[in-house]
Amino acid sequence: MIGFPTSYFNGTILALNANYTQISGDLISGGAYMTITVTVSVLIILMMVLVMKYLIKPDVSKMYHLTIDKINQEDLPPMNTPQKVTSLAVLIFILAMFTPILLPNWSLSQLLKQNISGIAMTIVAVLAMVQLKEGPVIEVQSILQNNFSWPTFFIIASSLMLGEALTSPQVGFTEFLKQNLTPLFTEMSYLSFALAIIVAGVLISNVLNSVVINLILQPIIYTYSVVSGANVIPIVILMTYATIGFAAVTPSASPYAAAIFAQKDVVTAMDVYRYTSLFVLGEILIIVLVGIPLIQLLF
């Protein structure tokens, strides 16, 4: 999950950064964003390796004799026609996703950006209708019966609905957070505010939908910048990165967390709670000990 918010060009990150720009009028630089996130991500990956090696200590004895030669004992068979057509379709979809980023001023870019889900569905429909000697390029019925992960689908769908329900205006939880967090945060020093908003964001985003929590916290950060006159762009970057990347402890935190909990044949829910909590704690420590001092140094 750490790789998801590291890239500035990720669709969710672009949308969140654009939302803050709309609120404040301040543009978040891609270079500044990735300087911070890549540095922190590398340290988090190193932390995870050390935790696995010295704390969790998984049994990897079966991998000791695994070599590249053993993996390559049998050559992969050549791609058949359906696989080639599918690969071409995937390439077309990737181009459709990246065109609005690489060519934002092109007239077609806005259309692609607004209809990316429709493009994906259209490609799947076309592949299902195209008939080759081997049959249709993709057999939807066979995929849904044999290859589609229905438990993952339902747990993600239910988690998103739960997150949406908890943060809907009718429930009032969003307004409750704004009213209670804004006066508390705006009286803090820069360092205290950065620490508090990021840690609070990570903790809350592990219960509620992380994207929605991000949208709630952005106006609070902007209010602090107006009151204090401080440059809060670095805080926005770290908060966005942490709330999106560290949301893994509960199924409702993010679709990725829900997908992990759905793999019941591989890992139990208790194991997920135990290990994700441990890693999120380590990630918070790296944000506190490295991320916040780094933004003070760079900005």
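The values are calculated or read from the model by the stated rules, or taken from the named source; none is laboratory data. All values derive from a computational prediction rather than experimental measurement. We place every Cβ from the backbone using ideal geometry, glycine too, and count neighbours over all the protein chains shown. The accessibility values were calculated without ligands, DNA or RNA, using every heavy atom of the protein model including side chains. Shrake-Rupley method; radii C 1.70, N 1.55, O 1.52, S 1.80 Å.
Taken over segment 249-295, residues that are outside any helix (DSSP H, G or I) and either open to solvent by less than 50 Å² (accessible area, probe 1.4 Å) or in contact with a helix residue (DSSP H, G or I) (Cβ under 8 Å, 6 or more places away or on another chain) (or both) amount to 9.
If you go through segment 217-243 and keep only what is open to solvent by 10 Å² or more (accessible area, probe 1.4 Å) and in a helix (DSSP H, G or I), you end up with 219, 222, 223, 225, 226, 227, 228, 233. For residue 196, the stated conditions hold: it is at pLDDT 85 or above and surrounded by fewer than 21 Cβ atoms within 10 Å (Cβ to Cβ). Every condition in (1) open to solvent by less than 60 Å² (accessible area, probe 1.4 Å); (2) touching a helix residue (DSSP H, G or I) at 6+ places or on another chain (Cβ under 9 Å); (3) part of a helix (DSSP H, G or I); (4) of a type outside the set (Lys, Arg) is met by residue 38 except one, and the failing one is (1). When segment 56-102 is limited to residues that are among the hydroxyl-bearing types (Ser, Thr, Tyr) and at pLDDT 85 or above, the one that is nearest to residue 8 (Cα to Cα) turns out to be 87. Only one of the numbered conditions (1) part of a helix (DSSP H, G or I); (2) open to solvent by less than 100 Å² (accessible area, probe 1.4 Å); (3) closer than 30 Å to residue 276 by Cβ is violated by residue 23, and that is (3). Look at segment 39-63: where a residue is more than 28 Å from residue 7 (Cβ to Cβ) and a partner is open to solvent by less than 70 Å² (accessible area, probe 1.4 Å), sitting 6+ places away or on another chain with Cβ atoms under 9 Å, you get 55/278.
Selection of helices (runs of 4 or more DSSP H) fully inside segment 64-140 by the criterion of at least 3 residues being surrounded by 11 or more Cβ atoms within 10 Å (Cβ to Cβ) and of a type outside the set (A, V, I, L, M, F, W, C) returns 81-102, 107-114.
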